[in-house]
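Everything below concerns the one structure shown next.
The values are calculated or read from the model by the stated rules, or taken from the named source; none is laboratory data. Keep in mind that what you see is a predicted model, and the values were worked out from it rather than measured. Methodologically, a virtual Cβ is constructed for each residue, glycine included, from the backbone with ideal geometry; neighbour enumeration extends over all protein chains shown. For the accessible areas, the whole protein counts, side chains as well, though only heavy atoms, and no ligand, DNA or RNA atoms are used. Shrake-Rupley method; radii C 1.70, N 1.55, O 1.52, S 1.80 Å.
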There are 2 protein chains.
Amino acid sequence: MQIDFEPLGIRSQGNSSTSLQESARQAGIVINALCGGLGKCGSCKIQVLDGPASAHTEAEQTLLTPDELSNGYRLACQVYPLGDIKIHIPVESLTATQRIQLESQESVVTIDPIVRNYDAFLPMPTLHDTRSDVTRLTDYLEERYGLENLSIDFELLKSVPTCLRELDWATTIGIREGEIVSLKPLGKPSLGLAVDLGTTKIAAYLVDLREGRTLASSGITNPQIAYGEDVISRIAYAMKGAKEATILSEVVITSLNELAHRLCSQSDCNVHQIEEVVIAGNTVMRHLILMLPVAQLGLAPYISADNNPLDVKAKALNLDFSPGCYIHFPPNIGGFIGSDCVAMILATSINQAKNVVLGMDIGTNTEITLKTPQQIYACSTASGPAFEGAHIRNGMRAADGAIEKVRIVGSVVEYQTIGGVAPIGLCGSGILDVVAQLFRLGIINEAGTMKDNPLVRRGKDGPEFVLVGKSAGNNKEIVITRRDIGEIQLAKGAIQAGINILLAEAGLKETDIDQVIIAGAFGSYINVDSAIAIGILPRLPPQCFNQVGNAAGMGAKIILVSNEKREQAKKIPNQVHYVDLITNSNFFQEFSKAMFLPKDITVSPNQR
Amino acid sequence: MQIDFEPLGIRSQGNSSTSLQESARQAGIVINALCGGLGKCGSCKIQVLDGPASAHTEAEQTLLTPDELSNGYRLACQVYPLGDIKIHIPVESLTATQRIQLESQESVVTIDPIVRNYDAFLPMPTLHDTRSDVTRLTDYLEERYGLENLSIDFELLKSVPTCLRELDWATTIGIREGEIVSLKPLGKPSLGLAVDLGTTKIAAYLVDLREGRTLASSGITNPQIAYGEDVISRIAYAMKGAKEATILSEVVITSLNELAHRLCSQSDCNVHQIEEVVIAGNTVMRHLILMLPVAQLGLAPYISADNNPLDVKAKALNLDFSPGCYIHFPPNIGGFIGSDCVAMILATSINQAKNVVLGMDIGTNTEITLKTPQQIYACSTASGPAFEGAHIRNGMRAADGAIEKVRIVGSVVEYQTIGGVAPIGLCGSGILDVVAQLFRLGIINEAGTMKDNPLVRRGKDGPEFVLVGKSAGNNKEIVITRRDIGEIQLAKGAIQAGINILLAEAGLKETDIDQVIIAGAFGSYINVDSAIAIGILPRLPPQCFNQVGNAAGMGAKIILVSNEKREQAKKIPNQVHYVDLITNSNFFQEFSKAMFLPKDITVSPNQR
């Protein structure tokens, strides 16, 4: 019998004696299994969309709500197919590694890149036709395609005579807003690169510009991290002098070149085929890569050199792409809300929403947008690197061996690691789970203070909770310290204060929010219930939340392939009312209140 | 009493016992004096425009024509003022060094440079006005001057935040076609640089863009000469490889930087104040400085990469000017007629002439244009470096000690050197005089063969004529060899063939020409009679000739200061019918005929 796994679009064979969880694993899809498939944890929740399946087990009746049961929700470890079946796997039931696959889903936009390609078959020069190479080209393009007043990129011009003769006068020409920017063998792909330049991570997508298809994607750590973890410390480093500012730009440029080379070699093509690049990032990242002065950005009133959309030649930035390639920087919204937020708004269509939508891109800086029927409000808050695993004793980034999910039952700690290997640390979503569970069990109180418990001991930094002891196969102890919890409180406080200030600006309260869009890699991995439990997310019904992955990257890709969307993006800053938290008189009061964990938590079924 | 010297505009004091030649010398004006002021050579011809003077001497009656006498022409060494007097010194009566002064005369154009300057007094940013620096600027420019949709140069952007704060928000802004290209202290001059990039020489003019005034000018030898004397040998060198092509570009760039630095320090300003540059030059020079491939330009059908007007950022060429500075290259006409010819046509207004005008820019390549009431015909001919003093045994460039004028009377050789110092060689105009005189005296025949004569001896290269023997004070002999004469025959043949082919294309003959404009440094120094005598110039009455100096440089200056003229220049190539000599079936026949010196020479009075 046949099993269709949505939204992955994977089809495989199954049978009535193999659980859907096992069938999924055989098809290469890893569904959560905190309890090891014993029907105890509820982390493998799926939805049967169509087709016959075995009856509900006792475990399912305990762990699923009546609402869920009536809507076809099941636990993958408990259900066996009885015929062809179609199931939907919610994002939160997939392991982190699996979720990345989801990001590669293309959003639906009309493909209309700024660089358009035209085939040309030119007459050869003769003694009686001595037009220059460029005039020969532009005459043809005018005659054949009605294109007038074309100019040509200067770097490209240097290769035109040689190229045309090597290609025997038959070529495909890339034109961008009246400028000839590329010249290649007939029909060769036109490539683009979309980049989400984050403070901590850089994600890049190699795209076929004519088809809008993503050929390869990859992420790396932003190498500027060696010179400062957050934007403020990088501003301080750049202000030391021209040499330091140059270093911060050069390390990113080098990384982008390497990343592009890697993506291209994976896709059997060459970086010189890249004809257009879009880089979205926060305002500081844009200043640093472009070597714009940052002194005025780091001090009140925090003034940006330029927030307009900017087109810079790749050559001017020492990027290795096609000679005529432009780097497009979408507009910034303000000193601390950059084009990554514009890209996120574009990708999630928040700006076109009719109801009240809260958008959050959780990272080292968290950008928060609040769309009301009248206005978009936006702010940026320094949530710090704790969610990336930094500043946490046993923290680590989301990689093999990172604990990504945790459930504490009495004195038993159940956990799941990325890649299913022995645990070596905690990534952001795991840390969030631990704090939520400790709070639920009363092991920490609202102030984050750790109470006595068999698993709590005194370590060098004060009290710490032992998650993984030194047992067989685990050479490494994994603990969470009081100080770690403090880091999460700071991050949570910053985010919650931001949300509250935007709500106050709009004259709304938490319950007025209809939908919450959670963007960013970290936001996609977190357990929404845990995040609500400790107060990072507003207390709203589960169906209000939508975890959309790297929306900034997705937006950059959309701006890359659609000129119409690029024009829309240019207008977004004018639609946004920027709320500066640092100069907001209520911020510090809100922040210090929000550092406390919430008093009356509603525990969701699978955490009971 | 008062003496006015035109067209130099110099006024000085004189008296009735001092000749006008001597008064001129006291005023710093050096008039020719081949015979030493004895009234024998006729080289000091001047015209009295107004005021009383001594009576005609016998010498004047012998050396001047009745026509000249009735028009107020005199010999400066023979005439004494009898009251306030105003005289005109024809270009040909000035020594070479003096003539350079003439070039600095500004031509009359409306000053309207492409970079326009606007003063701005910006409001300072506050916590309630956090617009970016660029938006603050563009908002002001829109509000105050109605300028919309401005963009900003990327290199300039890098300095904007620092600049605005250092200038305390009061600044003068340069805008070029909607792009902000400079930002400077209020009211600081806006500078431009006009360059005539010749195969042999580079001339540069530093200009105040707002006033159109030339602040300083200078010329240097094109350093590419070390890699090939003519365009063909430089193409060959550039084709050796990327390294060689880079060298040819870099040496010129380095020279231009040095030249600009020198001109600026003479004018008490800085190269970073240069906001716009115009470089006119032949097609090969433009390809080489821009590092455009030249292989296709060196072989039939001789195709240029691009002939359109081109704007390239100074930064892209490693030129040291203001960060936003553009280098404008006016259009080329064809593979071998460059923007220097366009500049020359613009400066001399040949394109607007109503009658038949022949324009010539004599140099290593000589560009020839023929304006008829219907059309402009143009060609370029390889006249070689003989006129620059190269390939001539005792040739030298026009510098102190170069013989610039020669007269042979019997067995006496009279000569005049630049700077009046002991002779060390012959420059172009001197060589031309010698050949004309030897031909007139029958010492050489039409084929250039040297006959027996007391001053002719046999040297290592065959017969040679001794101009300057080893006498007291002259350690160096100066001779002209049969081979030297051959070089002049080749140059003359190339030029004359070019003229004849253009005349044939236009269906005209030599006598149809109404006016001859002779441009180029060399062309300004030559004795027109000598040039007619050996057939370089058509045999027309003296008043038909107009020696205009470096018209290409003048044209570059006009394009620099007048946007209207720049637009006119862009249209000139379309008005010109380019005649390619190399592919013209009649060229080699015309050329071999034209190598002979003319049969029936008409000797002008002062050569009799």
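Among the listed residues B:197, B:191, B:183, which satisfies the condition of being in contact with a strand residue (DSSP E or B) (Cβ under 8 Å, 6 or more places away or on another chain), free of Cβ contacts under 8 Å to residues at least 60 places away in the same chain and on the phi < 0 side of the Ramachandran plot? Just one listed residue meets the conditions, B:183.
Can you find a residue that is within 25 Å of residue A:31 (Cα to Cα) and touching a residue at least 60 places away in the same chain (Cβ under 8 Å) anywhere in segment A:556-575?
Pass one, segment A:556-575, residues within 25 Å of residue A:31 (Cα to Cα): none.
The answer is no; no qualifying residue exists.
Within segment A:365-381, does at least one residue satisfy the condition of being within 19 Å of residue A:220 (Cβ to Cβ) and either open to solvent by 10 Å² or more (accessible area, probe 1.4 Å) or hydrophobic (A, V, I, L, M, F, W, C) (or both)? Checked against the condition, which is being within 19 Å of residue A:220 (Cβ to Cβ) and either open to solvent by 10 Å² or more (accessible area, probe 1.4 Å) or hydrophobic (A, V, I, L, M, F, W, C) (or both), segment A:365-381 yields at least one hit.
Please indicate, with yes or no, whether at least one residue in segment A:325-344 is within 14 Å of chain B (Cβ to nearest Cβ), among the charged types (D, E, K, R) and surrounded by 22 or more Cβ atoms within 10 Å (Cβ to Cβ). Explain how you work it out, then say what you get.
So the first thing to find is which residues in segment A:325-344 are within 14 Å of chain B (Cβ to nearest Cβ), and the list is A:326-329, A:331-339.
If we keep only those that are among the charged types (D, E, K, R) as well, we get none.
Checking segment A:325-344: not a single residue is within 14 Å of chain B (Cβ to nearest Cβ), among the charged types (D, E, K, R) and surrounded by 22 or more Cβ atoms within 10 Å (Cβ to Cβ).
Applying the condition of being more than 9 Å from every other protein chain (Cβ to nearest Cβ) and over 15 Å from residue A:252 (Cα atoms) to segment A:284-308 and asking which residue is surrounded by the fewest Cβ atoms within 10 Å (Cβ to Cβ) yields A:299.
Filter segment B:267-283 for residues that are away from chain A (no Cβ under 14 Å) and without any contact (Cβ under 8 Å) to a residue 60 or more places away in the chain and give the result. B:268, B:270, B:271, B:272, listed by residue number.
Identify, from the list B:408, B:495, B:403, B:392, the residue that is in a loop (DSSP other than H, G, I, E, B), at pLDDT 90 or above, within 27 Å of residue B:538 (Cβ to Cβ) and open to solvent by less than 20 Å² (accessible area, probe 1.4 Å). Going through B:408, B:495, B:403, B:392 in turn, the sole match is B:392. Residue B:427: in contact with a helix residue (DSSP H, G or I) (Cβ under 6 Å, 6 or more places away or on another chain) and either modelled with pLDDT of 90 or more or not aromatic (Phe, Trp, Tyr) (or both), yes or no? Criteria not met by residue B:427.
Screening residue A:556 on (1) open to solvent by 20 Å² or more (accessible area, probe 1.4 Å); (2) assigned to a helix (DSSP H, G or I) shows it passes everything except condition (1).
Suppose the filter is of a type outside the set (Phe, Trp, Tyr), under 23 Å from residue A:296 (Cα atoms) and more than 11 Å from chain A (Cβ to nearest Cβ); does residue B:183 pass it? Write out each step before concluding.
Values: of a type outside the set (Phe, Trp, Tyr): yes; under 23 Å from residue A:296 (Cα atoms): yes; more than 11 Å from chain A (Cβ to nearest Cβ): yes.
Yes; evaluated as a whole, the condition is true for this residue.
Between A:170, A:194, the distinction of being under 30 Å from residue A:520 (Cα atoms) and either surrounded by fewer than 21 Cβ atoms within 10 Å (Cβ to Cβ) or within 33 Å of the chain's Cα centre (by Cα) (or both) belongs to A:194 only. In segment A:11-29, the residues that are open to solvent by less than 30 Å² (accessible area, probe 1.4 Å) form Cβ pairs under 8 Å with partners that are of a type in the set (Ser, Thr, Tyr) and in a helix (DSSP H, G or I), at six or more places apart or across chains, as follows: A:12/A:23; A:14/A:23. Against the test of being within 24 Å of residue B:160 (Cβ to Cβ) and of a type outside the set (Phe, Trp, Tyr), the options A:292, A:263 yield a single qualifying residue, A:292.
Going through segment A:31-55 one residue at a time, which ones are surrounded by fewer than 18 Cβ atoms within 10 Å (Cβ to Cβ), aliphatic (A, V, I, L, M) and not in a strand (DSSP E or B)? A:38, A:55, listed by residue number.
Of the residues B:511, B:583, which is out of contact with any strand residue (DSSP E or B) (no Cβ under 8 Å at 6 or more places or on another chain), open to solvent by 50 Å² or more (accessible area, probe 1.4 Å) and either basic (Lys, Arg) or outside any loop (DSSP other than H, G, I, E, B) (or both)? Break it down stepwise before answering.
Working: B:583 fails: either basic (Lys, Arg) or outside any loop (DSSP other than H, G, I, E, B) (or both).
Every option except B:511 fails the conditions.
Would you confirm whether any residue within segment A:257-268 is under 20 Å from residue A:297 (Cβ atoms) and buried (at least 19 other Cβ atoms within 10 Å of the Cβ)? For segment A:257-268, residues under 20 Å from residue A:297 (Cβ atoms) and buried (at least 19 other Cβ atoms within 10 Å of the Cβ): absent.
Would you mind stating whether residue A:461 is in contact with a helix residue (DSSP H, G or I) (Cβ under 8 Å, 6 or more places away or on another chain), among the charged types (D, E, K, R) and farther than 30 Å from residue A:538 by Cα? Yes; evaluated as a whole, the condition is true for this residue. The residue of segment B:309-320 that is most open to solvent (accessible area, probe 1.4 Å), among those that are touching a residue at least 60 places away in the same chain (Cβ under 8 Å) and within 24 Å of the chain's Cα centre (by Cα), is B:309. Of all residues in segment B:465-489, those being assigned to a helix (DSSP H, G or I) and crowded, with 19+ Cβ neighbours inside 10 Å number 5. Residues that are open to solvent by less than 60 Å² (accessible area, probe 1.4 Å), over 24 Å from residue B:274 (Cα atoms) and more than 14 Å from chain A (Cβ to nearest Cβ) within segment B:114-152 comprise B:140, B:146, listed in sequence order.
In segment A:56-82, of all residues being farther than 25 Å from residue A:526 by Cα and hydroxyl-bearing (Ser, Thr, Tyr), the one that is surrounded by the fewest Cβ atoms within 10 Å (Cβ to Cβ) corresponds to A:70. Name the single residue that is least open to solvent (accessible area, probe 1.4 Å) among those in segment A:153-167 being acidic (Asp, Glu) and touching a residue at least 24 places away in the same chain (Cβ under 8 Å). Step by step, filter segment A:153-167, then rank; the result is A:153.
Just to be sure, is residue A:94 at pLDDT below 90, within 23 Å of residue A:550 (Cβ to Cβ) and of a type outside the set (Ser, Thr, Tyr)?
So residue A:94 passes the test.
Within segment B:256-269, is there a residue that is over 30 Å from residue B:186 (Cβ atoms) and hydrophobic (A, V, I, L, M, F, W, C)? Checking segment B:256-269: not a single residue is over 30 Å from residue B:186 (Cβ atoms) and hydrophobic (A, V, I, L, M, F, W, C).
When residue B:169 is tested against (1) within 14 Å of chain A (Cβ to nearest Cβ); (2) in contact with a Lys or Arg (Cβ under 6 Å, 6 or more places away or on another chain), exactly one condition is not met: (2).
Total residues in segment B:209-235 satisfying the condition of being open to solvent by 30 Å² or more (accessible area, probe 1.4 Å), in contact with a helix residue (DSSP H, G or I) (Cβ under 7 Å, 6 or more places away or on another chain) and hydrophobic (A, V, I, L, M, F, W, C): the figure is 2.
The condition of being at pLDDT below 90 and under 30 Å from the mean Cα position of the chain (by Cα) holds for only one of B:524, B:530, that being B:524.
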